[in-house]
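Structure record follows, encoded as structure tokens.
The values are calculated or read from the model by the stated rules, or taken from the named source; none is laboratory data. Given the structure is predicted, the values throughout are model-derived calculations rather than measurements. All Cβ positions, glycine included, derive from the backbone under ideal geometry; neighbour counts span all protein chains shown.
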């Protein structure tokens, strides 16, 4: 948690060896068309917890309804259109994998809300949708505003309890990474808290922060120095990658 | 108080706490696995506040007994003012860093979500709130607590002179009240609370002060500490095992976190009993096991920490600045383990050298004052809070 963060730090020497091995292959400039190469180390794709309700629904070949609740990176405005946001991409990927199924991912992103404000939206925005899985992307605004970490933990716990009471599976998604923002915002406490809440409740936490950090360090994406007219396409690519990883995570949890 | 009789344990452990506060404030720092919070439920903040209460009572209690309540009050408020100025200085540094980043970094992927410079939209309000101690950005949350505690301290000190219990009992009841009702102190922006809830944390400061107040039958409580030693050791050992298992579990998932589901989260804002009980156990343990005259405390190895503890205000502020700087270096340039270690090493070195320099500077100043007055008064100042 500090955890996942440091776990990958500790794995650094191994990573370095792997990186050196791949240096022999000239890297493709990521900005040039086509699907970006958004691989991540295996340890970031470790899924220990299950999604029992979703699994049951899939097994019974019933329609699947997923609600994505979160902030601006869920709405996906930065990419230019909601079609390019990660929830919509996720729906497309899941549908592609199993064309016979009916998968709907409902986007319930509202920019700049704390976990508490999102929790308050559950009764109106989430529960009435009757989802079998809720993807809860949260923590950014809490870290920016410096909400007490204990309050943050209590809010997450309340949200998890509420969803579990309704028989809904949960995937938590942590914050976005960029060098510039981490210099002024202390994400660590919130990352640790989010991951520990997931750990304690046997809920999957999707390590978006570590993935984006990895991409940044491997020069797959440059979040900090991107030119003005390329920003929207960068966002779209990142959301695409994240949707792919998220879909893979869901698949691993259904095994 | 001549230097030879002063309790170096206070300086040593406060110095250690200051180093730990620095290390723990550098995010994603490998060394933070080796600070006190990795193996106990409390962390360096408790040590710092408790010892600060203890030494405040020791120093200002002496002034109160020898020079009267008016002068003691003036000295305490003077100290609070120093802390206030330091806080505002740190705040300005913080604002500078944020303003710089906000204006140079402009990626909509992040901007829609995290307008970190939110408060820059209404600087007139933010500045006033900072002056009122209601605006406490990350890292700037412990000094407001300390300042508030000192401002109210003259009242506690008068009470302590009369009857310690007259201060301790209301303080403890207020602490209990917070535990039961979860009441908190509002801060800025709206919806925020003081990170260190002063209504709860005051108890730790007052408890330290009650133990530190001078002249009360020479350390009446060290006997108590010895009686409670077995229980204290047990509490410490249990806390150690549980917390260490959490720390290992955090790094390596398959290792089980003992009682993790039952005990986590441990509320720091309100200084929950699960933090304060092991802390008092640690205090009893140290009081009973480490004698004030322990030669190790006078060794060359302990000297840098003792000096840091003696110059606590300056070193505390410096530590906060250095951890912000360390954070900047690690996130901006490179965060490999070697760099992390280097940042820690450099920070600790700067803290120790600064403490050494301040000690030299102040000793020279005192020498001059002695030459001028030739009677050598003012030795009570040796012990700074």
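Please go through region B:172-212 and give me each residue that is more than 30 Å from residue A:114 (Cβ to Cβ) and under 19 Å from the mean Cα position of the chain (by Cα), ordered by number. Give the derivation first.
Taking region B:172-212 as the starting set, the residues that turn out to be more than 30 Å from residue A:114 (Cβ to Cβ) are B:172-173, B:205-212.
Within region B:172-212, B:205, B:206, B:207, B:208, B:209, B:210, B:211, B:212 qualify.
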(Q) Six or more apart or on different chains, Cβ atoms under 9 Å: show the pairs whose first residue is in region B:163-179 and without any contact (Cβ under 8 Å) to a residue 40 or more places away in the chain and whose second is loosely packed, with under 13 Cβ neighbours inside 10 Å. (A) none
Q.
Can you confirm whether residue B:309 is touching a helix residue (DSSP H, G or I) at 6+ places or on another chain (Cβ under 6 Å), surrounded by 21 or more Cβ atoms within 10 Å (Cβ to Cβ) and under 30 Å from residue A:48 (Cα atoms)?
A. no
Q. In the set B:166, B:155, B:147, which member is assigned to a helix (DSSP H, G or I), more than 14 Å from chain A (Cβ to nearest Cβ) and crowded, with 17+ Cβ neighbours inside 10 Å?
A. B:147
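Within region B:290-329, which residues are free of Cβ contacts under 8 Å to residues at least 40 places away in the same chain and either more than 19 Å from residue B:94 (Cβ to Cβ) or more than 17 Å from the chain's Cα centre (by Cα) (or both)? Can you show your working first?
Step one: filter region B:290-329 for residues free of Cβ contacts under 8 Å to residues at least 40 places away in the same chain, giving B:291, B:293, B:295-296, B:299-301, B:303, B:318, B:325, B:329.
B:291, B:293, B:295, B:296, B:299, B:300, B:301, B:303, B:325, B:329, listed by residue number.
Across region A:160-190, what is the number of residues that are without any contact (Cβ under 8 Å) to a residue 40 or more places away in the chain and more than 22 Å from residue A:218 (Cα to Cα)? First the steps, then the outcome.
Pass one, region A:160-190, residues without any contact (Cβ under 8 Å) to a residue 40 or more places away in the chain: A:161, A:164-166, A:170, A:172, A:174-175, A:181-184.
Of the ones still in play, those that are also more than 22 Å from residue A:218 (Cα to Cα) are A:161, A:164-166, A:170, A:172, A:184.
So the answer is 7.
Give B:238, B:284, B:207 a once-over and let me know the one that is at pLDDT 85 or above and surrounded by fewer than 20 Cβ atoms within 10 Å (Cβ to Cβ).
Details: B:284 fails: surrounded by fewer than 20 Cβ atoms within 10 Å (Cβ to Cβ); B:207 fails: surrounded by fewer than 20 Cβ atoms within 10 Å (Cβ to Cβ).
Testing whether each residue is at pLDDT 85 or above and surrounded by fewer than 20 Cβ atoms within 10 Å (Cβ to Cβ) leaves just B:238.
Among B:31, B:18, which is in the same structural domain as residue B:237 (by TED's automatic domain parsing), modelled with pLDDT under 95 and either surrounded by fewer than 24 Cβ atoms within 10 Å (Cβ to Cβ) or assigned to a helix (DSSP H, G or I) (or both)? Spell out how you get there, then give the answer.
Numbers: B:18 fails: modelled with pLDDT under 95.
Of the residues listed, the single one that is in the same structural domain as residue B:237 (by TED's automatic domain parsing), modelled with pLDDT under 95 and either surrounded by fewer than 24 Cβ atoms within 10 Å (Cβ to Cβ) or assigned to a helix (DSSP H, G or I) (or both) is B:31.
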Q: Quick one: residue A:211 ticks every box in (1) in contact (Cβ under 8 Å) with a residue 40 or more places away in the chain; (2) crowded, with 23+ Cβ neighbours inside 10 Å; (3) within 11 Å of chain B (Cβ to nearest Cβ) except a single one, so which number is it?
A: (3)
Q.
Please determine whether any residue of region A:235-242 is at pLDDT 95 or above and in contact with a strand residue (DSSP E or B) (Cβ under 9 Å, 6 or more places away or on another chain).
A. yes
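If you go through region A:222-232 one residue at a time, how many are under 18 Å from residue A:183 (Cβ atoms) and more than 9 Å from chain B (Cβ to nearest Cβ)?
Step one: list which residues in region A:222-232 are under 18 Å from residue A:183 (Cβ atoms), which gives A:222-226.
Filter again for more than 9 Å from chain B (Cβ to nearest Cβ), leaving A:222, A:225.
Within region A:222-232, residues that are under 18 Å from residue A:183 (Cβ atoms) and more than 9 Å from chain B (Cβ to nearest Cβ) number 2.
With respect to residue B:66, determine if the residue is more than 30 Å from residue B:203 (Cβ to Cβ), out of contact with any strand residue (DSSP E or B) (no Cβ under 8 Å at 6 or more places or on another chain) and in a helix (DSSP H, G or I). Please lay out each step first, then the result.
On the way: more than 30 Å from residue B:203 (Cβ to Cβ): no; out of contact with any strand residue (DSSP E or B) (no Cβ under 8 Å at 6 or more places or on another chain): yes; in a helix (DSSP H, G or I): yes.
Answer is no for this residue.
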Q | Residue satisfying all of: in region A:77-101; out of contact with any strand residue (DSSP E or B) (no Cβ under 7 Å at 6 or more places or on another chain) and in a loop (DSSP other than H, G, I, E, B); nearest to the other protein chains (Cβ to nearest Cβ) among these | A | A:80
Q | Residues of region B:35-63 satisfying the condition of being closer than 19 Å to residue B:308 by Cα, assigned to a helix (DSSP H, G or I) and within 14 Å of chain A (Cβ to nearest Cβ) | A | B:45
Q. Is there a residue in region B:217-233 that is within 14 Å of another protein chain (Cβ to nearest Cβ) and either touching a helix residue (DSSP H, G or I) at 6+ places or on another chain (Cβ under 8 Å) or part of a helix (DSSP H, G or I) (or both)?
A. no
Q | From the options A:163, A:194, residue that is in contact with a helix residue (DSSP H, G or I) (Cβ under 9 Å, 6 or more places away or on another chain), under 18 Å from residue B:249 (Cα atoms) and buried (at least 21 other Cβ atoms within 10 Å of the Cβ) | A | A:194
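Are any of the residues in region B:305-319 at pLDDT below 90, in the same structural domain as residue B:346 (by TED's automatic domain parsing) and not in a loop (DSSP other than H, G, I, E, B)? Please lay out each step first, then the result.
Step one: of region B:305-319, the residues at pLDDT below 90 are B:313, B:317.
Now restrict to residues that are in the same structural domain as residue B:346 (by TED's automatic domain parsing): B:313, B:317.
In the following step, the residues that additionally are not in a loop (DSSP other than H, G, I, E, B) were identified as B:313, B:317.
Yes: one or more hits.
Looking at the structure I just gave you, is residue B:237 more than 30 Å from residue B:87 (Cβ to Cβ), more than 14 Å from chain A (Cβ to nearest Cβ), assigned to a helix (DSSP H, G or I) and free of Cβ contacts under 8 Å to residues at least 12 places away in the same chain? Lay out the reasoning, then the answer.
Working: more than 30 Å from residue B:87 (Cβ to Cβ): yes; more than 14 Å from chain A (Cβ to nearest Cβ): yes; assigned to a helix (DSSP H, G or I): yes; free of Cβ contacts under 8 Å to residues at least 12 places away in the same chain: yes.
Yes; evaluated as a whole, the condition is true for this residue.
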(Q) Quick check on residue B:98: is it modelled with pLDDT under 85 and either assigned to a helix (DSSP H, G or I) or more than 25 Å from the chain's Cα centre (by Cα) (or both)? (A) yes
Q. Mind checking which residues of region B:251-301 are within 19 Å of residue A:154 (Cα to Cα) and part of a helix (DSSP H, G or I)?
A. B:260, B:261, B:262, B:263, B:273, B:274, B:275
Q.
Return the pair list, or none, for Cβ contacts closer than 6 Å from residues in region B:342-364 that are modelled with pLDDT of 95 or more to residues that are outside any helix (DSSP H, G or I), at least 6 apart or on different chains.
A. B:355/B:311; B:358/B:311
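Residues in region A:52-73 that are within 16 Å of the chain's Cα centre (by Cα) and either at pLDDT 95 or above or assigned to a loop (DSSP other than H, G, I, E, B) (or both): how many? It would help to see each step written out before you state the result.
First, pick out the residues of region A:52-73 that are within 16 Å of the chain's Cα centre (by Cα): A:66-73.
Within this subset, residues satisfying the condition of being either at pLDDT 95 or above or assigned to a loop (DSSP other than H, G, I, E, B) (or both) are A:66-71.
Within region A:52-73, residues that are within 16 Å of the chain's Cα centre (by Cα) and either at pLDDT 95 or above or assigned to a loop (DSSP other than H, G, I, E, B) (or both) number 6.
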Q: Tell me which residues, restricted to region B:225-235, are modelled with pLDDT under 90 and surrounded by 14 or more Cβ atoms within 10 Å (Cβ to Cβ).
A: B:225, B:226, B:228
Q | Residue check, residue A:235 buried (at least 22 other Cβ atoms within 10 Å of the Cβ), in contact with a helix residue (DSSP H, G or I) (Cβ under 6 Å, 6 or more places away or on another chain), over 24 Å from residue B:247 (Cβ atoms) and within 11 Å of another protein chain (Cβ to nearest Cβ) | A | yes
